[in-house]
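The values are calculated or read from the model by the stated rules, or taken from the named source; none is laboratory data. Fair warning: this is a prediction, and the values are worked out from it, not measured in the lab. Here Cβ is always computed from backbone atoms with ideal geometry, including for glycine, and neighbour counts include all displayed protein chains.
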Amino acid sequence: MSSKKPVAIVFDTFGSVVDWRGSLVAEMKELGGKRGVNGDWAAVADAWRHGYHRMLDEVTAGTRDYGLLDDLHRELLDEAMRDVGVTGFREDDLRDINLGWHRLKAWPDAVAGLTRLKTKYIVGSLSNGNVRLLVDMAKGANLPWDVVFGSDMFSRFKPHPDTYLGSARLLNLEPGEVMLASAHNGDLANARKYGLMTGFFLRPTEFGPNQAIDLAAEADWDVIADDIEDMATKLDT
């Protein structure tokens, strides 16, 4: 572990701080029960997230323009439902399911760990979500951010350098004074490329019980922890 300490810690959010898969599956199952709509909700959530990653690749490659994540999620939801073979939801149901991203639940250690880190460091989100999504999520999940950085502040998605470097610029800090904390090795590799410090923690069930990626740190990140509370301990809070 590096002896250097950051001034600010910005967190990847989906999967790292909040449980997108478990939260969405629970909401779709509940609404499906009310509407008499049956489906493999885990498969829908996985297809939805797969579409998100494909869309990010298209934006990064320049074959698709940047767009508000709420709007892109809504488009991808129709695709996921169709691919899994789910029918029967009304349009207002689909709009509400899409807003489930605003209501994602925090992992059990997240609020306590962030609260501890907040006593010593600036803490915030650095997410591909849009600002309103992240604000609603923070209010619903009691995430104690000092600041929220959403992709619509930069009109870019990670891994574009404007996102990582933009968070430092808006905090009036050098990139090396900001740490990206994430459960995703690829995200950290990009942050390190642009001069940020890096902190890894585990989310071994983000993608379900058969997860096969991000089960360990894949580089000598500045901090390597079991979860956010363990990260707080390693950073002396």
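When Asn98 is tested against (1) touching a strand residue (DSSP E or B) at 6+ places or on another chain (Cβ under 9 Å); (2) surrounded by 16 or more Cβ atoms within 10 Å (Cβ to Cβ), only condition (1) is not met. Could you list, in sequence order, all residues of the range 162-176 that are within 16 Å of Ser127 (Cβ to Cβ) and either touching a residue at least 24 places away in the same chain (Cβ under 8 Å) or touching a strand residue (DSSP E or B) at 6+ places or on another chain (Cβ under 9 Å) (or both)? Listed by number, the residues that qualify are Thr163, Tyr164, Leu165, Gly166, Ser167, Ala168, Leu170, Leu171. Applying the condition of being under 24 Å from Ala110 (Cα atoms) and without any contact (Cβ under 8 Å) to a residue 60 or more places away in the chain to the range 177-195 and asking which residue is surrounded by the fewest Cβ atoms within 10 Å (Cβ to Cβ) yields Gly186.
Of the residues Trp101, Trp145, only one is aromatic (Phe, Trp, Tyr), under 30 Å from Asp227 (Cα atoms) and part of a helix (DSSP H, G or I); which?
Values: Trp145 fails: part of a helix (DSSP H, G or I).
Only one candidate qualifies: Trp101.
The criterion of being in contact (Cβ under 8 Å) with a residue 24 or more places away in the chain, outside the structural domain of Arg49 (by TED's automatic domain parsing) and outside any loop (DSSP other than H, G, I, E, B) does not hold for Asp214.
The sole residue among Thr198, Thr163 that is over 25 Å from Gly22 (Cα atoms) and either of a type in the set (Phe, Trp, Tyr) or not in a helix (DSSP H, G or I) (or both) is Thr198.
Confirm whether Arg192 is in contact with a Ser or Thr (Cβ under 7 Å, 6 or more places away or on another chain), within 16 Å of Val10 (Cα to Cα) and not aliphatic (A, V, I, L, M). Before the answer, list the steps.
Details: in contact with a Ser or Thr (Cβ under 7 Å, 6 or more places away or on another chain): yes; within 16 Å of Val10 (Cα to Cα): yes; not aliphatic (A, V, I, L, M): yes.
Yes, satisfied.
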